[in-house]
Structures are given as C-alpha cells and as structure tokens.
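J.: Sending over a structure as structure tokens; questions will come in a sec.
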Amino acid sequence: MSKYLSLKNFHNISLKLQSFSFDRLHIEAFSADFNHNQQQYTVSSSQILLQYSLAGLSAHRVDQLSIQRAAITLPSASSAQAQQPTFDPSAIKNGIKTLLEVTIPIKEFTIKQLFFNGTHTARLLSSPIALQFKTTDKKLRSDLLLHLTDQEDIAVTFHRRQNQPLSAIVRHTKEKHTTQTLQLTADETKIEAQATFSIEDLSKHILVKQLQGQSGKVKASFSLQLEKPLSLQLQMQASGLQHPRYSVRALNLAMKLTLDADKRITISNASRLQAEGLTNGKVKIERLDLPVSSTLIPADGGINVYFSSPQPWQVKQLEIGGTNIQDIHIPPFRELLITKDTTRLTPQLAPLTIHGMSVAGWHVPKLTFTPGAKVPITMQTASETIKVTSPSWKTTAFTIEKDKLQLACESIHADLKNTAITTTLETDLFLRTSALLLTSSKMSLPVKEITGKILVKNQRLNAALQMMPSKNTGKIKITVKHGLNSGKGMARMTTDEPILFSPTQGIASLIKGVSLPLTMTSGKFNTDVEASWQKARPFMAKASVQVTNGAGLLKEIPFSGLHINLDLDLVPELRSNKPGKLEIAQINRAIPVTNLQGIYNISPSGKGKLPSFDIQQLSADIMQGNIKTDPFIYLPGADKQAVTIRAEDIDLGQIVGVLKVKGLQVDGKLNGYLPLTIDRKRVSLDNGEVYGSKHGGTIRFRPQGLPTQHSQLTAYALKALEEFHFTVLRAPVRYQADGTLLIDIQLQGVSPPLSTTRPVHLNIHTEQNLLSLLKSLRYNDALTKDLDKHLQKQY
C-alpha cells in the first residue's frame, strides 16, 4: 500500500495495521505528507475500517470506508499567500465534468470527525466536521455537518443525479431555527447560485480581515455562463450594512457582463448600482443611483474603462456638515484609467447639475457646472495622500437666496489647484465672474470683476473674494469661513477701498431700485458687514457704516460736509449696537443751516416691520443761534409723532429778513420752545412760546405810506413801534391744521417817540399762513412724506 500511495504524491507514510480478514481491513493509525501544486499537506487518521466483498473487489469497489478521526494540516499562511488564485473557465469546466463523470469506488464513505489545522484556517475549519457520502451507479449524495456549538450547525448537502446538474445546498441551524443560505447548481455550460446570509454570522466563522466588525443581511444570485464568450449575471440586495467607517441602509446591484477572447469586459446598459441611507458620520447620502454600463480594456499596468450609459449618475439628499443638497445629476464620464498609483477620469463636456443646495440658511435653487476642456481629472496616490488635478469649470448664471435676500451671479469660472485627499479634502479654488447682483426686497447691489480663492482644508472652507461696484469707484472684499462638519461659519464684507460718490455715480448707481429724496454728488462710503451661522441657531449679521465728506441734495436742498457713523445689528433684528452719529456741515437754502448734529439709536418698534428711531440729540445752528430737540422717538408710519424744538439766541433781525415785512427792523435774540405734533398729513403746535433774551432788543417799524383803517395796529402802537426798546418779549405760539400761525406778542419797554419815561406795554396779535410762506421759500412737507414713504418701502 505504501508503494501505491507513493505513486500518488504521498511520502513520509506511516501505517499501523490492527486486523485483517477476508471482508474487512482495520487500520489503527495512518499518516502521510501529500504534495499538491507545490504545497505540502499533512494527513493523519485513526480507526480506519474498510469493508468489502470479493465480488466488489473484482469490480474495483468497496462497500464501506469509515474513519473515526481524521486531520489535515494545511500549508503555512506565508506559503499559501504566495500562490495567487486565478480564474480559469476551462479548469472550472473540466472540474465540473470530472465531478459529473467520476466513479467513486466506495459505496459509502464516513468520517465521524474531520479537523483542519493551520494558522490561517477559518473558524469553520477549526470545528469538527462530520462527512458522509453514498453512491449508487451514477448517483452520488454527500452530507457534511459542521458542529459549531451546542446550538449552531452548518449542513452541506451535495447531489449528483444522472442527466442533471450538480447541486449543493447549505443550511444554517441556530437555536433550532434552520435557514437555507446557499443553493448552487452547475454543469459544463453554466453555474447558478442563490445565497442569503448574515455578514455578522459569516464573519464569526470565516476569519477574513475585511469582514471583521461588519454586519448586515445579503441576498444574492448569479449565473455564470462558461461557454464563450464568458458572461456573468449578478443580482444582489443588502440591508442594514454596518462597517466601522460607514453604514448603508439598503444596497441593490444589478450587473450583466461578458468577457471576450481579448479579455475585454463589457457591462450591459441594464447594469446599475443603487444605495440608500449612506453615511460615514461626516457625509450622508439618502439615495445613490449609478448606471455602470461600460467597457473595460486591459492597459499597461492597469485597466481602461469606457462608459457607455447615456444616463447620469444621481445623488439625492446629500448632507455634509451644514451643507444640504437635494439632488445632483452627474453626466456620464467618457473614460476612466486605473493603474496601481493613478486614477484618471475624463469628463464629458456636459453639465453637472445641482438642485436645492442649502448652506447656513442660504439656498441655491439650481447650479450647473460644465468642464472648460476635455482635460482629465487625475488622482495620483503618494503614501496616504491622493493628489488631484482637474480641468477648469464654469457655471451658468444662478441665484442664492435667504429670506428676502437674493444674490444673482453671472457665469463663474473656477480653477482647482493643490487639491489633495487624505482623510479629508483639501483644495485651492480660484474663482472669477463678470457680475453679481445682491437684491433685498426691491433694492439690489450690482458688482463686477469678481475674483477670489476658496481653500478647503481640515474640514474647513475658507474663501476670499474681491469685487468692484458696477459703476461707482471702489473695491469690496468678502471673506467666508465655514466648518463642513460643524455647520458653523462666518462671513465678512468690507470696503477694501472706499466707494466714491460723484455727480454721475451716486446712490442710485450703487444700489439699484432705491428711491430716496437724497442725491449724493461727492463723498466716501465705507462699510464692514459681519454674518455668522450655526446649526440650530438663527442667522446673525451686523454692520458698521461710515460716510465722510458727503455732499448732494436732500430733495432740492443742497448740503455739504455729511458724516455718518453707524453700528447696528441687521439680523435677526435691526438694532443699533451703539448710538449712531450724523453730522451735516451746511444746508444751503433761504434760511442757511450749519453744524447739524444728531445722535440716535435704532431698535425694533414692536409695531410692524418698521424700526424705531430713538433720537437722543438733534441740533443745528441757524440765524446766528441754535435749535435742538428734546429726546424723542420717531416711528415711521405712525399716526402721530411728537417732538419739542427748543431755540436759543436766534437773531430777530434774520427772522424779520425772512418774513420780508417792509419798513420793519428788529435787533435782539430770541429763545423759545415749540412742542410739535405731527400726524401723517399735518403739523400742529399748541402751548408753544418764544421769548426775548435778558438783554432785550429794539424794534423800528415805519411802514411805507399811511396806515390804513384795516391795520391790526392802533395809531398808538404804530407810534410806539417807530422806536421801541423792549426789555420783555413774550409770545405764545399756536399753529393750526390749516397752516395758520397765531402769535400773541407781549412787549414791555420804552419808546422815545411817545415822549414818556413810563414803561410801555404792547399786546399784538398776528396771524400768517405759514404754509404759503414756506412754499415761497421752497420748503414744504413733501420732505417728511417722502422720507416716510421710503422707509416704509425699504422695511
């Protein structure tokens, strides 16, 4: 027997015979080394019983072979790995043919305990295996039982029937519940299989590193056609896939491919990969749909993939950090080259479209990218870093929206530089576009010549953009910082160079759609706007505004020396951070006003969208004196407003000059207070009063011609007023809704023309239509109305 086994590649044979008779052979122990494909296996067994008959031996058959215990020692892991498995369809066909035709010279074969030994054996092979098969003519049945635990078994049944394919069935029993995990059939033309299994259970029994720590359920079927051209059809559904670095809720793969004689693989148009609920903790994708029809051609050191599907790849509901994208349509790529260190992907000159992108409350309805040239996207692997080069990209016009804000952008040209992928994406993105239009309500801010750079590094996005107003001189800089994982970020817009006003480049050219009774003809404008956002917190923005050396027209009133300094919150509520300041050096009208100064706060009014203006101080120099208001609150659009104006050291001579009363000359100073009530249509004044200074003054009134009988002054009064030195001047003032100004003048002093040293008291009542007077001076209430209308439009 040893000589016979040596001819079959057995050596180091050891055999211990226990007994022998005419119908049986009992071997106590046997061991030997066996060489196969330059690998050495060690086989050992004990209690071997061989039963036979003389008739069977003459027909080269035995009745039964039973082995109580057998062990096979597998080659070492290092030598086993040296042999790389290859796919040889001819060898598979020959193997199946052999199994279909081979005659087993044993009617019944049993191994009660079979062990596999080796450092790289799976847990399945580490458990004792019970093996039994029976043969009758062309039929063969083999049963293999792996007893894993007291509660878990795996049973494999193999059938060979005459004129039928080979079949194998694997059943898994756990806690008395049995499921069929694999069914396979095979003949010389094809192999078909259906499998249902749990990855977690599989990883427990098969010690494959790639399976460790994974879970999920898989249901798959395939059909492998062994006739030329070789073809494979695969269907796989998986659910609840869990990996230490990612998870997939559902996966569906349908693929049909053929392999021709030139080793060219063709994947049919019906092939596609679909997945739902993908996440790695940083990126989430609700649905992925990838048509994978293509042709794979071997290349030097790699493989070329030529995509053939006309359908786009689709990604739905992508979430990365604080960025959400509803839908992405990626056009089919033209070509993919994969080598050991390089991946080169060539895009088509077709648009990549993004629908419904949201970042920190900002929304982009649609964004379309197109590569600028047929330049491939190349990824080169160096150590643990993948370096990426890419063609330039351009977009179509698009809009970005947030609440009532809208940013309209012309086509953007983008160049990616220094792009690398490690555990994160890093890139420098250079941008340029011809025009942007920022719109709020009915107003818009157009800019031009936009250039910039976006840096993505360490899961953070940093952007810096430069631009110019579309018509005004000046430069604007915008910086953005955004955490891709945290969703937290900030943006800042500053005037890198002041925006200048000129007679042809005023507010209307800087901000489109604005309707103000204000025209800027010179001056400088600077601003600094900061915005911040964070998950589960409202968007916030604040701004500082400075206007210096401004000049222009307020309605038709010229002014110069305008200075504005204002710091305020824009969002979520319009509110001053600190009191704003307003200065106007000169207002040039019939009554010149100089040195106008105001200090005020802006806050939510609580009554609609219009803010409240808390005027803490408002003063101006006029007629060699000064006027100022008591602190008051101005509510645009309110039914009534109230403000008290206080006058100090107003020159009476200049007042008389404005009234243009012929023959009247007055000197002296006037003080007073005027409590005004303003509603939407008219101004009224009650309980106002003006009074002369303690230094008194002089009135000289010599009307031209003779006084008429209709004069409001008596002859005595007229005589006294020819030269009246007053020490007391007091005048209660009322202003009626029809525009009539009522003044009751009370004078006390001396009058030389009366030739008396006694004090003279005069009471003079005057009425004048102030509206007519103001109209004659080109002042009217249109200014107040226009300002109210503008504020209501803007807020």
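The values are calculated or read from the model by the stated rules, or taken from the named source; none is laboratory data. Just so you know, these numbers come straight off a predicted model, no measurement behind them. Positions of Cβ are generated from backbone atoms using ideal geometry, with glycine treated the same way; all protein chains shown enter the neighbour counts. Calculation scope for accessible area: heavy atoms of the full protein, side chains included, ligands and nucleic acids excluded. Shrake-Rupley method; radii C 1.70, N 1.55, O 1.52, S 1.80 Å.
J.: Counting other C-beta atoms within 10 Å, and keeping those with at most 14, which DSSP coil trypsin sites (Lys or Arg not before Pro) do you find in segment 627-735?
T.: In loop regions of segment 627-735 (DSSP not H, G, I, E or B), the sparsely surrounded trypsin sites (Lys or Arg not before Pro) are LYS660, LYS662, ARG680, LYS681, ARG682.
J.: So with the 1.4 Å probe, I'd like the accessible area per residue for segment 567-677, rounded to whole Å².
T.: On the way: 5920 Å² over 111 residues.
For segment 567-677, the solvent-accessible area averages 53 Å² per residue.
J.: Can you give the net charge of the other residues whose Cβ lies under 11 Å from the Cβ of VAL547, counting K and R as +1 and D and E as -1?
T.: So the environment of VAL547 carries a net charge of +1.
J.: Further question on the same structure: Give me the number: length gained by fully extending ASN9 to VAL545, i.e. 0.36 nm times residue separation minus the C-alpha to C-alpha distance, one decimal in nm.
T.: 183.6 nm
J.: Taking square-rooted eigenvalues a ≥ b ≥ c of the alpha carbon gyration tensor, is segment 341-415 rounded, prolate or oblate, where a/c under 1.5 means rounded and, failing that, a/b exceeding b/c means prolate? Working shown, then result.
T.: Details: a/c = 3.27, a/b = 1.93, b/c = 1.69.
Prolate shape, in that a/c is at least 1.5 and a/b is the bigger ratio.
J.: Accessible area of segment 129-243 with a 1.4 Å probe: how many percent of it is carbon plus sulfur? Mind dumping the intermediate values first?
T.: Working: 3640 of 6800 Å².
Exposed carbon and sulfur together represent 54 percent of the surface.
J.: How much accessible area per residue does segment 360-481 have, counting only protein heavy atoms and a probe of 1.4 Å, in square angstrom?
T.: For segment 360-481, the per-residue accessible area is 53 Å².
J.: How large is the dipole of segment 358-407 about the Cα centre if only Lys and Arg carry +1 and Asp and Glu carry -1, each at its Cβ, rounded to the nearest 20 debye?
T.: Values: 6 positive and 3 negative charges, 37 e Å.
Dipole size: approximately 180 debye.
J.: Could you work out the per residue convex hull volume over the alpha carbons of segment 473-545, in cubic angstrom? Each step should come with its number before you reach the end.
T.: On the way: hull volume 7.7 nm³, N = 73.
Per residue, the Cα convex hull of segment 473-545 comes to 106 Å³.
J.: Hey, another quick one. How would TYR41, TYR735 rank on accessible area, largest to smallest, probe 1.4 Å?
T.: Details: TYR41 60, TYR735 30 Å².
Listed by decreasing accessible area, they come as TYR41, TYR735.
J.: Also, I was wondering about something else. I need the semi-axes of the equivalent ellipsoid of the chain: take the C-alpha gyration tensor, multiply each eigenvalue by 5, square-root it, list largest first in whole angstrom.
T.: Values: eigenvalues 2189, 129, 79 Å².
Working through the eigenvalues yields semi-axes of 105, 25, 20 Å.
J.: Here's another thing I want to ask about it. How high is the relative contact order of the chain? Use alpha-carbon pairs under 8 Å, at least six apart in sequence, and give a whole percent.
T.: Answer for the chain is 3 percent.
J.: Exactly which chymotrypsin sites (Phe, Trp or Tyr not before Pro) in segment 569-642 are in a DSSP loop and have at most 12 other Cβ atoms within 10 Å?
T.: In loop regions of segment 569-642 (DSSP not H, G, I, E or B), there are no sparsely surrounded chymotrypsin sites (Phe, Trp or Tyr not before Pro).
J.: Give me the net charge for the shell around VAL248: Cβ to Cβ below 12 angstrom, other residues only, Lys and Arg +1, Asp and Glu -1.
T.: Spelling it out: positives minus negatives among the neighbours equals +3.
J.: Give the dimensionless ratio obtained when the Cα radius of gyration of segment 629-733 is divided by 2.2 N^0.38 Å.
T.: That works out to 1.35 for segment 629-733.
J.: Would you work out if segment 259-377 is rounded, prolate or oblate? Take a ≥ b ≥ c from the square roots of the eigenvalues of the alpha-carbon gyration tensor; rounded if a/c is under 1.5, else prolate when a/b is larger than b/c, oblate otherwise. Numbers along the way, then the final one.
T.: Values: a/c = 2.15, a/b = 1.87, b/c = 1.15.
Note, shape of segment 259-377 comes out prolate.
J.: In whole percent, and with a 1.4 Å probe on the protein chains, what portion of the accessible area of segment 449-498 is carbon and sulfur?
T.: Carbon and sulfur together cover 54 percent of it.
J.: Over its Cα atoms, what ratio of radius of gyration to 2.2 N^0.38 Å does segment 488-632 give?
T.: After normalising by residue count via 2.2 N^0.38 Å, the value is 1.18.
J.: Length gain on complete extension for the stretch HIS60 to GLN151, per 0.36 nm per residue less the alpha carbon to alpha carbon distance?
T.: 28.6 nm
J.: With each label point set 7 Å from Cα along the Cα-Cβ vector, what nm distance links ASP738 and GLU583?
T.: Result for the modelled spin labels: 4.6 nm.
J.: Let me know the charge dipole size of the chain about its Cα centre in debye, to the nearest 20, where only the beta-carbon of Lys, Arg (+1) and Asp, Glu (-1) is charged. Before the final figure, lay out each step's value.
T.: Details: 91 positive and 65 negative charges, 147 e Å.
Once rounded to the nearest 20, the dipole reads 700 debye.
J.: Then there is this: Tally Lys and Arg at +1 and Asp and Glu at -1 over the other residues with C-beta under 14 Å from the C-beta of THR157: what net charge comes out?
T.: Summing Lys and Arg as +1 and Asp and Glu as -1 gives +4.
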